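First the structure, in the form of structure tokens, and then the observations on it.
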Amino acid sequence: MSDGELRKIFRQHLHGFDVLSVETGGTTSGVPDLNYARNGIEGWIENKVCDHWRCSIRPMQVGWCERRLRHNPRVFVAVRRAGTELWLFHASNMRRLVTERLDTVPRLGRWFGGAANWDWDGIAWELLNGSRS
């Protein structure tokens with residue numbers, strides 16, 4: 001999958017969350033891959049995958065996230081790197097992700113060892129509380 005199977009992985013591991021895959025096709029461009037809600041908190045996750053240090057982000061994805069951030073601080077970019085790493089960024093850093101290496105952009109977390117070993121309590125905490133840049 002083009003998102004490194006992150007849609008499936010997030011749905012499987014975010015217990016107590018309502019996670020919705022979003023496909024807007026020809027109606028709207030740039031909408032993130034996942035919408036989630038838990039305990040009255042809602043957010044968005046754009047999923048990316050890369051083998052090296054850069055991921056591909058389209059201008060319309062940056063634009064959508066920047067517009068949404070004006071109304072909801074919970075917009076994130078999740079990057080599955082090298083198959084076993086998860087990097088989580090606040091979308092306020094999305095422009096930097098377009099031009100910089102992953103390891104130079106401020107991140108909310110980085111987890112190793114594949115989805116079964118990622119700290120899902122920590123990831124959930126960031127998605128609910130990590131609305132900072």
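Remarks
- Only one of Gly122, Gly114 that is surrounded by fewer than 21 Cβ atoms within 10 Å (Cβ to Cβ), of a type in the set (Gly, Ala, Ser) and at positive phi: Gly114
- Hits in the stretch 55-72 - residues which are crowded, with 16+ Cβ neighbours inside 10 Å and in a loop (DSSP other than H, G, I, E, B): Cys55, Ile57
- Any hit, the stretch 98-111, residues being of a type in the set (Phe, Trp, Tyr) and farther than 26 Å from Pro59 by Cα: yes
Coordinate-derived values only; no laboratory data. Values in this document were obtained by computation on a predicted structure and should not be read as measured data. No Cβ is skipped: glycine too gets one built from the backbone with ideal geometry, and neighbour counts run over all protein chains shown.
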